[in-house]
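Single-structure report; data block below.
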Amino acid sequence: MALNERNISVMNFHYVRHTMDRFLADVCDAGVSRIELWAAAPHFYIGDKTLADARALGRKVRGMGLDIVAFTPEQCIYPINISAKEPELRDRSLRYFLESMEFATECGAPALLVTAGGGYRDEPTEQALERCVDSMGILCDRAQKLGIDLWMESLPDSFTNIIRSAREIRELMDKLKSPALHAVYDVAGAVMTHEMPQDYFAHLAGRVAHVHFTDSDAGGSHLAWGDGIIDLDKLVAYLRSQHYEGSLTIELTNWKYNVDPTPPLKQCVEAMRKALGSA
């Protein structure tokens, strides 16, 4: 089915200073039926929760007419790095994602979002990449057993020295050969890495499962639609030309939206509805 307003999804990141109930109520009030769960404190950090809590959250969300399209544990702010040189950090990071998969399954999410971590800048990049492949192999095997997908998102060079582009996600996929592994196209993130949507759909044809769908400035800040430089109508037209049918998650990570998160949410939904309503 062609992209339409039912593909709109919202992440709770910019509600970090507000309750989960406020977030869910605002999503419902906006007429959106999908959420991407940013699994972090204070809303849902797995270290503070149980699998029973995950089941209860899933029931609550579904009871409100919402679907959780992905379980996205915090992994950039928290000390998580599956490619770390230190065995204790790498092992703890692996446990974190393995446990997160269990939580994702229990709350009804079909996918878990992961990033690759990275290595030291004063060691060969190949060493970090080798550790990444080993770690991702473990995670992919477990994901297949649980029947969920792993969605890999690249990060810019300021965050990591591996898996920084669509091409590098493709290379990782070719090494792992796992049907559980798919890619995330982050619109603002791609601005930071100087990539176009065409880079993702050329290198990752048929494997782009999810889009973080926000406006952006020239520096890659994740902005509400209308606050940046991205041509929304042109982007929607391109995604349709590639027959993309997954979710479009509003992921607002600029801290200016955290004080009063409702207006930017509504601003995004209104802009996206207008763009998605045009054939």
Checked against (1) without any contact (Cβ under 8 Å) to a residue 60 or more places away in the chain; (2) crowded, with 18+ Cβ neighbours inside 10 Å; (3) within 24 Å of F97 (Cβ to Cβ), L24 satisfies every condition except (3)
Check A218, A205 and return the single one that is among the small types (G, A, S), surrounded by fewer than 18 Cβ atoms within 10 Å (Cβ to Cβ) and without any contact (Cβ under 8 Å) to a residue 24 or more places away in the chain.
-> A205
Give the stretch 238-279 a look and list any residue that's surrounded by 15 or more Cβ atoms within 10 Å (Cβ to Cβ) and of a type in the set (G, A, S), or say none.
-> G246, S247, A271, A275
Output for the stretch 79-108, where each listed residue is out of contact with any Ser or Thr (no Cβ under 9 Å at 6 or more places or on another chain) and in a loop (DSSP other than H, G, I, E, B) | K85, E86, G108
Scanning the stretch 191-221 residue by residue, the ones that are assigned to a helix (DSSP H, G or I), out of contact with any Gly (no Cβ under 9 Å at 6 or more places or on another chain) and not polar (S, T, N, Q) total 6
Which of the residues belonging to the stretch 78-102 are buried (at least 21 other Cβ atoms within 10 Å of the Cβ) and among the aromatic types (F, W, Y)?
-> F97
Scan the stretch 27-50 residue by residue and report those that are surrounded by fewer than 15 Cβ atoms within 10 Å (Cβ to Cβ) and of a type in the set (A, V, I, L, M).
-> A41
From the options A237, A188, A271, residue that is under 20 Å from D29 (Cβ atoms) and not in a loop (DSSP other than H, G, I, E, B) | A271
If we ask which residues in the stretch 240-268 are more than 23 Å from F71 (Cα to Cα) and assigned to a helix (DSSP H, G or I), their number turns out to be 5
Restricted to the stretch 51-77 and to residues being part of a loop (DSSP other than H, G, I, E, B) and touching a Phe, Trp or Tyr at 6+ places or on another chain (Cβ under 9 Å), the residue surrounded by the fewest Cβ atoms within 10 Å (Cβ to Cβ) is C76
Could you say whether any residue in the stretch 54-69 is closer than 26 Å to I162 by Cβ and in contact with a strand residue (DSSP E or B) (Cβ under 8 Å, 6 or more places away or on another chain)?
-> no
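The numbers here are math on the coordinates, done by the rules we state, and not lab data. What you are looking at is a predicted structure, and each value in this text was computed from that prediction instead of being measured. Every residue, glycine as well, gets a Cβ built from its backbone with ideal geometry; the counts of neighbours run over all protein chains shown.
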